[in-house]
Amino acid sequence: MATVNPGARTKGGGSPARPARQAPDGRAERDRYAAFAFGGADLLLQASPRGQVRFAAGASEQLLGAPVTELIKLTILDLIVPEDRPFIRELVWLAGAGVRSTSVHVNLRLRPHRSSAAHGDHGGGQDGTPDSILCEVSCHAVRDRNSVHRGDLFFTLKAASARPPVHELFREAESGVFGLDGFQSVLEHRLQELHRGQTGPFRMTLIEVAGWSDLRDHVGMSQRNMFERRVGHLLRAISLNGDSAVKFSGERFGVLHGPTSAAALLEQRIGEIAATTNVSKALRVVPRSITVDRSMDYATASQTLGYTVQQFARAADRRAFAEEDDPEKAGKRTLETTSRRIQMAQSRIAAQEFKVAYQPIVRLDTGTRHHFEALIRLPDKEIAANPFEFIRFTEQTGLHCDLDMAILRTVIRKIEAVPSDQQCLPVAVNISGKSFSTSGFLEMILQELRNAGENSRYLMFEITETEPLDDLAAANARIQSIRKAGCQVCIDDFGAGEATMEYLRALDVDCAKIDGSYVRGDRADRKGQAFIGSMAALCNRLGIESVAEQVENDVTADLLRHLGVQYGQGWLWGKPEIDGDITGGSLVRNRSSKFSLANPFKARSASRPDEPDIKLPRARPKQKQKARRSALPSQLK
């Protein structure tokens, strides 16, 4: 199938590039209007396989400001604004391959019969009037061998009042495809339409151009950009309504399209596009196609497909993607694997078939237990390899709120089980930043605190930054609601994320937990000490307590205490213990006599000591400073 050629006109511009087949007038008109019958329109166009307009009928004056007689002299690309022409080329290629495109939004030129110079391709006409109009375009090619119009392209055009809401989402400027966040919103929109009965089943095809990441740096920038841009135009053209395609990276793409498999077609066309880079033999197109229908309920489909898309985009979990030659089998196995993991996770959370381990947090000045942190432990590794991966899995599949509430209820039962004659210490429960930002989650926490009654005073909350908090003002309001209910709130992993300093400025909390990466490894390094000391000093000035993670020996504990950190957590005082004792008990370790450094908080009566006073060195006399500088070179030798 040849692509549209804007210069394919005969001498004089009035006759088609090849003579029309001879047929009785009645049969020709019947075939023509049968070809137009798939949609109502304001304007009907018939073009040759090379794009020359053969026939036009309808409100061309009202729609484009041009009479139908003038349209016959043009090609299809003459009617399209320049930025949409690459997209239309792919639309026409797909039509020739048998793919029918409907309700695709395209900008058409107004007064296309005028020259580009007179009309102005950008910014409107010379009189300030608009130069384009948004239209819904449908296109298909007649492939019936018995039709007198076999091979011709048929277009229906209808004025569009506005683009669909999905067009407001982030798009790549040149190709018009979405990024990951935009595509997930579009996927959610399509799933809602499907389960409301507004649309039929469709497919999601994920495409990996294997080898492109290794080769893209060895081709010219223009070739690299052209390849990725043309693949984007192709996927847009085949996607639902021309607005359901995504570029995850230079080698990973995705598209939502009609129920017919398009894997082989996409392989063929991407291979042809890759040939323009002269490295096509080194590339391998690997599609995975997933059928989306109402066999899964909306919630399950949203969780399963959303997680599959995220994992494919990030190449984060190769277990989720079946290695099959058949894209249909690969997609089916991928969906089954992901769906099974989600169902297992849902079952574990609902039945609370997980364990909670408790690790002590200790006062560095006395060595006594202050509180515990509750940490989830999994009964098997099939869902996730470790607790952190499982937490990320629940966030990506929408199970994070259920998990956080299940752990909170487990901890409350643990507190309630402590005998009345023993001292129960507070327990910190981790809350995902994503859960904390979810509408209605705060009310669930407050209800659990009310149900717990007096036992709620033994609860603390640590807000983790696996997912960043977007609206800090709203997050702070939620934090204050929890604090008013009598529970302290801590920021977890302080210093690890990009936004933690902003968190400390915007959120009124009780405690900040210094990330373990500052404590382990280079803990004796002067730079590491400076960072820890600065964070502890900042917390002290703000009246916020500080906790250091991953403390493994006495030397580190002494150092942290000297730097102004109040609490420590780590294997020095105990590993996380499943269903462990959460009472006060005796001293974990009476280390007060071993401290060789002065306790900066010993003489302070405040429960939250301020930063230790900093003594600035007195200025040296100029003569001494000069003598000291002159002595430096010899010292360095």
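Every number here is computed from the coordinates shown, using simple stated rules; none is lab data. In this text the structure is predicted, and so the values were computed from the model without any measurement. Here the Cβ is made from the backbone with ideal geometry for all residues, glycine too, and neighbour counts use every protein chain on show.
What to note about this one:
- In sequence order, calculated HN-Hα J values of region 541-549 (Karplus, 6.51, -1.76, 1.60; Hz; x Gly/Pro): 5, 8, x, 10, 6, 10, 10, 9, 8
- One quarter of the surface of the convex hull around the alpha-carbon atoms of region 454-565 equals 7.6 nm², the direction-averaged projected area.
- Potential extension, T260-R294 segment - 0.36 nm per residue separation minus Cα distance: 10.6 nm
- Relative to the current alpha-carbon distance between E336 and A485, full extension at 0.36 nm per residue lengthens the span by 49.3 nm.
- Spin-label pair S213-M344: with each label point 7 Å from Cα along the Cα-Cβ axis, the two points sit 2.5 nm from one another.
- Span from the region 359-407 Cα centroid across to the region 154-227 one, whole angstrom: 37 Å
- Rg then Dmax, both in Å and based on the Cα atoms of region 341-385: 15.3, 47.
- Nearest-20 debye value, region 352-594 charge dipole, Cβ charges on Lys, Arg, Asp, Glu: 760 debye
- The calculated FRET efficiency for the pair E328 and K575, based on their C-beta separation and a Förster distance of 56 Å, comes to about 0.70.
- Computing FRET efficiency as 1/(1 + (r/R0)^6) for A97 and M444, where r is the C-beta to C-beta distance and R0 is 51 Å, gives about 0.45.
- Close amide H pairs (under 5 Å, H built 1.01 Å from N) link F202 with V292, residues at least 5 positions away or on another chain.
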